[in-house]
Amino acid sequence: MKFLIALINGLSAGGTYAIIALGYTMVYGIAKMLNFAHGDVIMAGGYMMFVTLTLLGHPLWAVAAAVVFCVVLGIVIERFAYRPLRGASPLAVLITAIGVSSLLQSLAQILFGSATKMPVKLQISGAFKIGSFDIAYSTLITLAVTVVVMAVLTLFVNYSKTGRAMIAVSEDRDAALLMGINTNAIITITFAIGSALAAIAGYLMLCKAPSLSTTLGAMPGIKAFTAAVIGGIGSIPGAMVGGILLGVIESLSYSVPALAPYTDAVEFAILIIVLLVKPSGILGKMRREKV
Amino acid sequence: MSETLLKVENLEVYYGVIRALKGISFEVKKGEIVSLIGANGAGKTTTLHTITGLIRPKNGSVFYKGKDITKTPAHKIVSEGLVHVPEGRRIFQSLSVYDNLLMGAYTRKDKSGIEETMQEVFRDFPRLEERKKQLAGTLSGGEQQMLAMGRALLADPELIVLDEPSMGLSPLLVSEIFEIVKSFKEAGKTVLLVEQNAKKAMSISDRVYVLETGSITMSGDASELINDPSIKKAYLGEA
Ligand SMILES: Nc1ncnc2c1ncn2[C@@H]1O[C@H](COP(=O)(O)OP(=O)(O)OP(=O)(O)O)[C@@H](O)[C@H]1O
Ligand SMILES: [Mg+2]
């Protein structure tokens, strides 16, 4: 039973990782860049929720406002920081992304100070009881949101015209251009989707533990990036599998007293093992070098 | 005399400091098959990339149906009626054959027209219809080339530019590919063909341009150039 509870908690934590990892992996697959600032978009969404709650009071408004705000933020970042570097060296793009990340954190610090905010209205307390065990409602909500996000995204990517265009751009940008696909527009849409998912992930984190600081997105961002790499960066199902797997491993490791203090180490060890066995990640494709 | 569909004027393209095209000019008239032949690295692919906007020339212009398209973004070219089948086929491996074909019609809005073209393509390439649910990456080389050509037809183009469609195929398939190119003309399309296989290309072409290290060194009717001694020596493997 204890194992089952740990598993459910792991699936839920993994769901949040997966939702964040989807943002990394879609941007990587389609724009061919590592959006190092992705975690900070989560944080920006968190502050937007905090502000909206103060002004309007209802969590639903807060989540909606954060989604809209993050979408705009993601589009603006892509348009003004990354697009001018299209075709530049990957290193220049990565450094720019790190710059955007610290810019967002600094801005948040200037606007809101460094004290941790407690948007307690976002919290979902209470738990579902099974015998003597509890499963928090926030855990169940996270699971439900994860399932919905994955289903909608999978349907969208595989069955909508825009989704197929995204696959085409990720496979071969020039060939996509020759089909008449406006690849810049597709990249913008990708950033918009990734950022909306970041806002949702931010809410899922804050509804569990309403503690908001400028580094809200930092650790989950790194974990989710790890998950994306484990699953195979660039692969949408890979991000889902990698996220869930990482969450489950994390939760199970926590539940074993001897391993609990080393949980982060366990997770990164898994990353290294996966990369040794399959360098492209679980569901990743081997990169074909351009001829 | 028939209408000039494509006109390239003084095209000059650089890769960094390398001058890949040194000011070339040529034209393609409606209904023609025109071949651009030349050795490896002559600048054939560069020429096609510049025509369809994937690279920008330093100087010179490209006119399609009299309209200057030199600065038109690559993704807006296909809806003008000019489609480019790139070197190495470049099909979308992880999409099905059917979805690849649909990609070709990406800019078209007329659903019934798309469906009509799809049926035509399936009639011309029955193997694509048999394999329409299969992932394109699992097709053989010849099938992939047919898919690339079928995908181009889905755009309902007037001018098709083809970059080495016979590359890497067995002799039997090469002949089949050239038959298909000929059939494009019979279907009223215009073709600009880039080929290493000069002999076959010239045998189906109306006119030929010879590209050598970024310059056009010879041009004329295919039926005349095919008997030219220097062409025979350099491109047809005959003494
Ligand atoms: N992206 C690039 N960067 C630098 N130089 C390039 C690039 N692409 C092509 N070149 C150079 O430009 C010249 C023309 O290349 P291009 O690909 O147009 O030749 P090609 O005639 O198509 O050759 P092939 O028959 O081998 O396909 C070559 O010398 C090539 O090395
Ligand atoms: Mg070439």
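Share of carbon and sulfur in the accessible area of the protein assembly as shown stands at 63%, probe radius 1.4 Å.
Oblate is the label for region A:1-130, because a/c, from the alpha-carbon gyration tensor with a ≥ b ≥ c as root eigenvalues, is 1.5 or above and a/b does not exceed b/c.
When the alpha carbon coordinates of chain B are projected onto the principal axes, the ranges are 47, 41, 39 Å, largest first. The residues B:Tyr14, A:Tyr254, A:Tyr82, sorted by heavy-atom accessible surface at 1.4 Å with ligands and nucleic acids left out, run A:Tyr254, B:Tyr14, A:Tyr82 from largest to smallest. Largest to smallest in accessible area, the residues A:Tyr203, A:Tyr24 fall in the order A:Tyr203, A:Tyr24 (1.4 Å probe, all protein chains included).
Screening chain A for whole DSSP H helices of 18 Å or more along their axis (Cα) with average Kyte-Doolittle hydropathy at least 1.0 returns A:2-31, A:38-56, A:59-77, A:90-112, A:137-159, A:183-208, A:218-231, A:236-255, A:263-277. Charge tally for B:Glu80 (other residues, Cβ to Cβ under 10 Å; Lys, Arg +1; Asp, Glu -1): +2. Here the dipole of the protein assembly as shown is about 980 debye; that uses its Cα centre as origin and unit charges on the Cβ of Lys and Arg (positive) and Asp and Glu (negative).
Work out which residues of region A:147-173 lose at minimum 10 square angstrom of accessible surface when the other protein chains are put back, relative to the chain isolated, with a 1.4 angstrom probe, and list them by number. Correct list: A:Lys161, A:Arg164, A:Ala165, A:Ile167, A:Ala168, A:Glu171, A:Asp172.
Listed here are the pairs B:Lys76/B:Lys133; B:Lys22/B:Lys182; A:Lys129/A:Lys208; A:Lys161/B:Lys76; B:Lys200/B:Lys233; which of them are more than 21 Å apart at the Cα?
B:Lys76/B:Lys133; B:Lys22/B:Lys182
Across the options A:Ile8, B:Ser223, A:Ala165, the greatest Cα extent toward the positive end of the charge dipole of the protein assembly as shown (unit charges at beta carbon of Lys, Arg, Asp, Glu) belongs to A:Ile8.
When Cβ neighbours within 10 Å are restricted to other protein chains, what is their mean count per residue of peptide B:81-91? Mean partner shielding for this stretch: 3. Measuring from a point 7 Å past the Cα of B:Glu186 along Cα-to-C-beta, which residues in region B:27-46 have an amide N at less than 19 Å? It comes to B:31-34, nothing else. Please calculate the 1.4 Å probe accessible area of A:Leu56, with all protein chains present, and give it to the nearest 10 Å². For A:Leu56, the solvent-accessible surface is approximately 110 Å². Distance from the C-alpha centroid of region B:184-235 to that of region A:144-172: 45 Å, rounded to the whole angstrom.
Ranked from largest to smallest solvent-accessible area, with a 1.4 Å probe on the protein heavy atoms, B:His49, A:His38, A:His58 come out as A:His58, B:His49, A:His38. Full extension of the chain segment joining A:Lys32 with A:Phe133 gains 31.9 nm, where the gain is 0.36 nm per residue of separation less the Cα-Cα distance.
In the context of the full set of protein chains, the protein assembly as shown has a per residue accessible area of 44 Å² (1.4 Å probe). In chain A, Cα pairs under 8 Å separated by at least six residues give a relative contact order of 37 percent. Counting only heavy atoms of the protein chains and using a 1.4 Å probe, A:Val147 has close to 100 Å² of accessible surface.
Excluding ligands, DNA and RNA and using a 1.4 Å probe, chains A and B jointly bury around 2000 Å² of accessible surface, summed across both partners. When both region B:13-60 and region A:197-259 are represented by their alpha-carbon centers, they are found 50 Å apart.
Distance between the modelled labels on A:Phe112 and A:Ala209, one decimal in nanometres: 1.6 nm (7 Å Cα→Cβ projection). Label separation (A:Val256 vs B:Lys199): 6.9 nm, computed from points 7 Å beyond Cα along the C-beta direction. Across A:Ala31, A:Ala18, A:Ala198, mean-square fluctuation computed from a Gaussian network of chain A (C-alpha pairs under 10 Å connected) peaks at A:Ala31.
The overall shape of the protein assembly as shown is prolate: from the C-alpha gyration tensor, with semi-axes ordered a ≥ b ≥ c, the ratio a/c is 1.5 or greater and a/b exceeds b/c.
Once both labels are positioned 7 Å from their Cα atoms along Cα-to-Cβ, the gap between B:Thr138 and A:Leu85 label points is 3.9 nm. Only helices enter this figure: runs of n ≥ 4 DSSP H residues, each worth -39500 (n - 2.57), summed and divided by the residues of chain B, yield -9500 deg cm²/dmol at 222 nm to the nearest 500.
Starting from the Cα gyration tensor of region B:13-57, take the square roots of the eigenvalues, sort them a ≥ b ≥ c, and report rounded, prolate or oblate (rounded when a/c is under 1.5, otherwise prolate if a/b is larger than b/c, else oblate).
Details: a/c = 2.30, a/b = 1.64, b/c = 1.40.
Prolate.
Remark: region A:13-217 carries a charge dipole of roughly 160 debye about the Cα centre, counting +1 on each Lys and Arg Cβ and -1 on each Asp and Glu Cβ. Restriction of the trypsin sites (Lys or Arg not before Pro) in region B:87-157 to DSSP coil positions whose beta-carbon has at most 13 other beta-carbons within 10 angstrom yields B:Lys109, B:Lys133. Counting only the Cα atoms, region A:13-217 fills a convex hull of 122 Å³ per residue.
The values are calculated or read from the model by the stated rules, or taken from the named source; none is laboratory data. These numbers were taken from a predicted model, which means no experiment stands behind them. No Cβ is skipped: glycine too gets one built from the backbone with ideal geometry, and neighbour counts run over all protein chains shown. Areas reflect the complete protein model, heavy atoms only, side chains present, ligands, DNA and RNA absent. Shrake-Rupley method; radii C 1.70, N 1.55, O 1.52, S 1.80 Å.
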